[in-house]
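Read the structure below first, then the notes.
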Amino acid sequence: MEALLYIPWFKLEPWYVGPVPIQPFGILVAIGVLLGAKIAETFGKKNGVAPSAVSDMVGHVVLLGFVLGYFLNAAFYHPERYVEIWNDPGKFFSTYLGLSSYGGFIGAILGLLLWKARRKLSLIAVGEAACFAFPFGWLFGRLGCFTVHDHPGKVTDFFLAVDDYQVGVPPFEPRHDLGLYEVFWAAGVIALFLVLSRKRRPRGTYMALLPILYAPIRFFLDFLRAEPEAGGDVRYGSLTPGQWASFLILGVGLYVLWYIRTHPEPTLPRHAQWPPAAEPEQEAKGRGKAKGKRAKAKTAE
């Protein structure tokens, strides 16, 4: 009877359109990216940032996020794969390096910095649109992880365990699924952000809150990860790469919180504002027309 409390084992396999495999994980991640980009633009408009500025920033963040997430995954978790590629460069195109969430975060931060260097706009004023939208996209990304069960946890009798978790060698047992737990985290943060967004908050609020809310939860969840021999993460010392990275990400969040509390709220130039601000020449013409109308009105009187 106890096993009936667990989530039954399942795994979504790719289906094929001709010779092309369609990965459920990839579809869910794509939905998350597109939804997050749309929500970021909507948030930006609500807070006075032009959609063009937000979409440009999101493009930098997503591109470098995926690139660094891919290459840093092997550096963090499977450095031996780079040794194999070094010894046989042809394997570069046939070896899948995986995806690291924290590698993606590092890439996203570098994408923000590159975007700021190129566009000379406020990183906080525009960048927090991506931070507000992140949990919406993350929910779909972690749903993808859950459907393929690529984050196995330790054996447990917790009622949300996935039964007969097919990792390691039989007999298979119920295990935590950390992708599922981060789906719950994302849902909770979405609810919190929606409540907070009912009132205007100082610019940078969500950029500070996001890492502060994520890093401690990720640090705790990684204690539930399966051991390396059972398909879990490697350990450096007694901590996973994700736990070490949590210190860095938490530090970023605390720094942003300190910055927005001790510095004036950043502003944006006209071309990055929403709704679009009138150009000085247009404003002058508008004032001239208004004066002309008032003069005609006085003459008529």
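Observations on the structure shown:
- So Trp115, is it free of Cβ contacts under 8 Å to residues at least 24 places away in the same chain and of a type outside the set (D, E, K, R): no
- Meets criteria (over 25 Å from Gly253 (Cα atoms) and either in a helix (DSSP H, G or I) or of a type in the set (S, T, N, Q) (or both)) for Gly36: no
- Residue ID - farthest from Asp56 (Cα to Cα), chosen from residues in segment 30-45 that are touching a Gly at 6+ places or on another chain (Cβ under 7 Å) and surrounded by 21 or more Cβ atoms within 10 Å (Cβ to Cβ): Gly32
- The set of residues from segment 55-108 being open to solvent by 30 Å² or more (accessible area, probe 1.4 Å), touching a Phe, Trp or Tyr at 6+ places or on another chain (Cβ under 8 Å) and among the aromatic types (Phe, Trp, Tyr) comprises just one member, Phe76.
- Residue check for Ala50: buried (at least 20 other Cβ atoms within 10 Å of the Cβ), more than 20 Å from the chain's Cα centre (by Cα) and within 26 Å of Val256 (Cα to Cα): yes
- Any hit, segment 184-201, residues being among the hydroxyl-bearing types (Ser, Thr, Tyr), touching a helix residue (DSSP H, G or I) at 6+ places or on another chain (Cβ under 8 Å) and part of a helix (DSSP H, G or I): no
- Residue satisfying condition, being in contact with a His (Cβ under 8 Å, 6 or more places away or on another chain), at pLDDT 95 or above and under 30 Å from Glu128 (Cα atoms), within set Leu196, Leu178: Leu178
- Residue in segment 242-256 that is outside any helix (DSSP H, G or I), more than 26 Å from Ala75 (Cα to Cα), at pLDDT 95 or above and open to solvent by 20 Å² or more (accessible area, probe 1.4 Å) present: no
- Whichever residue in segment 1-22 is part of a helix (DSSP H, G or I) and surrounded by fewer than 11 Cβ atoms within 10 Å (Cβ to Cβ) and, among such residues, is modelled with the lowest pLDDT: Glu2
- Segment 135-164: number of residues that are in a helix (DSSP H, G or I) and open to solvent by 50 Å² or more (accessible area, probe 1.4 Å): 2
- When segment 172-227 is limited to residues that are under 17 Å from Gly253 (Cα atoms) and β-branched (Val, Ile, Thr), the one that is most open to solvent (accessible area, probe 1.4 Å) turns out to be Ile217.
The values are calculated or read from the model by the stated rules, or taken from the named source; none is laboratory data. The structure presented is a predicted model; accordingly, all values stated were derived computationally and were not measured. All Cβ positions, even for glycine, are placed from backbone atoms using ideal geometry, and neighbour counts span all protein chains on display. Each accessible area value is taken on the protein alone, full model and side chains, heavy atoms only, with ligands, DNA and RNA left out. Shrake-Rupley method; radii C 1.70, N 1.55, O 1.52, S 1.80 Å.
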